[in-house]
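Shown next, in structure tokens, is the structure this report addresses.
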Amino acid sequence: MACTRSRVVGQGSYLPEKILTNADLARIVDTDDAWIRQRTGITQRHIAAEGEKTSDLGLESARRALAAAGLKAEELDLIICATATPDETFPATATTIQARLGMTRGAAFDVQAVCSGFVYGLSIADSFIRSGQARTVLVIGAETFSRILDWTDRTTCVLFGDGAGAVVLRADSGRGTADDRGVLSTHLYSDGNHHDALYVDGGPSSTRTVGHLRMQGREVFRHAVVRMAEAIDTALETNGLTPGDIDWMVPHQANARIIEAMAKRLNLPQDRVVLTVDRHANTSAASIPLALAEAADDGRIGDGDLVLMEAMGGGFTWGSALVRW
Ligand code: ACO
């Protein structure tokens, strides 16, 4: 049956210039390159310069995504910025990006679902497009996690990095089948009972401070594998597809071991998995659009490819998306 689809028409990303290697970290906390590589697959991460804000990263990724789409900012109806590290408590970082892009119409807002933020943003954008409320939407994932890390805590500070990625979605007509190009389906979940496993110990209405990220890594790992597997199964079932139909898995980049476990479960060879965690570390909501932009720009992801995304983050929040490029 004829339907509206949200097709990806452009993507872009931006990483801050400064690179912090595992060896650099070993000079700050009691850790070493071998431990970090073996447990996480991470070798380095990018860190925003002094004064470089989430909106600066997001803006650059947005400009690149619009250029790739061949669109101007005034053609956008909506900007959604997924971030857990906004420039300020308010206004939304999305509105700062809107102003700096020179977009004076439409709407812009932030989405807060931590590492699942991009999948949440994609889902909201798709709903706006399918319901006819918007035709062209920019979805950004942008983070400066370096600002909320406790740089004396080796169990967390080695895991995260800064960066941004963006995609432009446009309304297109589809036939309502899994062969359509665009977002086929998104699946969002949360369970607030797991607050203590992953949170930031500050905020305007609790401590009036920004706070630092706290995580029970093992607990998160355990839930991530089970929850993301369920979300992937639901995405495939919804569209009448099987793991063999997936061309590319573009997962949230938290830990190479979690990603490998997911790929193995799907019987997906590693060369069908887009991996950036080794060079970017965990950039939270930015990790999926960063990986998407890398793989689309270097020609790995091509027109018509079936792309599976999945993510899990603080809350817990988690979700999946199937998109035909
Ligand atoms: N360097 C050296 N040793 C360390 C380090 C470090 N950086 N960090 C911890 N250790 C030590 C611990 O102290 C512990 O030592 P002990 O056995 O003497 O007590 C030992 O290493 C093992 O620690 P574990 O925490 O049990 O190690 P684990 O194998 O679970 O790996 C990790 C830790 C990498 C954090 C893993 O649990 C993980 O990736 N969890 C998932 C994180 C995740 O997916 N987050 C995504 C969401 S993030 C978001 O939403 C913002």
Let's test the formula: R0 of 22 Å, r as the Cβ-Cβ distance of Arg27 and Thr209. What FRET efficiency results, to the nearest 0.05?
0.20
The chain, helix-only ellipticity at 222 nm - DSSP H runs n ≥ 4, -39,500 (n - 2.57), divided by all residues, nearest 500
-9500 deg cm²/dmol
When only C-alpha pairs under 8 Å and at least 6 residues apart count, what is the relative contact order of the stretch 1-126, in percent?
25 percent
Regarding the stretch 154-250, what are the three Cα extents along the principal axes, ordered largest first, in Å?
51, 30, 25
Hypothetical label at Asp298: residues of the stretch 43-58 whose amide nitrogen lies under 18 Å (7 Å Cα-Cβ projection)
43-46
Shape parameters for the stretch 1-70, alpha-carbon atoms, Rg then Dmax in Å
18.2, 60
With a 1.4 Å probe and every protein chain left in place, tell me how much accessible area Tyr14 has, in Å² to the nearest 10.
50 Å²
Return an integer: the convex hull volume of the alpha-carbon atoms of the stretch 225-302, in Å³ per residue.
95 Å³
Over the chain, what relative contact order in percent results from Cα pairs under 8 Å that are six or more residues apart?
26 percent
So for each of 290-297, 144-151, 192-199 I average, over its residues, the number of other beta carbons within 10 Å; can you give me the resulting order with the highest mean first?
290-297, 144-151, 192-199
Cα gyration tensor shape for the stretch 216-256, rounded if a/c is under 1.5, else prolate or oblate
oblate
Rounded, prolate or oblate: pick one for the stretch 3-174, where a ≥ b ≥ c are the square roots of the eigenvalues of its C-alpha gyration tensor, a/c under 1.5 means rounded, and failing that, prolate if a/b is larger than b/c, else oblate.
prolate
Two-decimal Rg/Rh across the chain, once Rg and the Kirkwood Rh are taken from alpha-carbon atoms:
0.95
Need one number: nm distance between label points at Gln270 and Thr155, each 7 Å from Cα along Cα→Cβ, rounded to one decimal.
2.9 nm
Eigenvalues of the Cα gyration tensor times 5, then square-rooted: what semi-axes does that give for the stretch 41-102, in whole angstrom, largest first?
22, 16, 10
Within straight-line cross-link reach of Lys53, lysines at Cα separation under 19 Å, skipping those fewer than 8 residues along the same chain:
Lys18
Applying a 10 Å radius around every beta-carbon, put 226-232, 207-213 in order of their mean neighbour count, most first.
226-232, 207-213
Expressed in angstrom and ordered largest first, the alpha-carbon extents of the stretch 176-325 along the principal axes are 50, 30, 26
Can you tell me what share of the DSSP beta bridges in the stretch 208-325 is antiparallel? A percent to the nearest 5 is fine.
60 percent
Using Cα pairs under 8 angstrom and six or more residues apart, how large is the relative contact order of the stretch 108-248, in percent?
20 percent
In square nanometres, what is the average projected area of the Cα convex hull of the stretch 110-180?
6.3 nm²
Need the list of aspartates and glutamates near Lys264 for cross-linking: C-alpha distance under 18 angstrom, and skip anything on the same chain fewer than eight residues off.
Glu230, Asp233, Asp245, Asp247, Glu310
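The values are calculated or read from the model by the stated rules, or taken from the named source; none is laboratory data. Since the structure is predicted, the reported quantities are computational estimates derived from the model, not experimental observations. Glycine also receives a Cβ, built like all others from the backbone with ideal geometry; neighbour counts cover every protein chain displayed. Ligands, DNA and RNA are stripped out before the accessible areas are found, and what is left, the full protein with its side chains, is counted by its heavy atoms. Shrake-Rupley method; radii C 1.70, N 1.55, O 1.52, S 1.80 Å.
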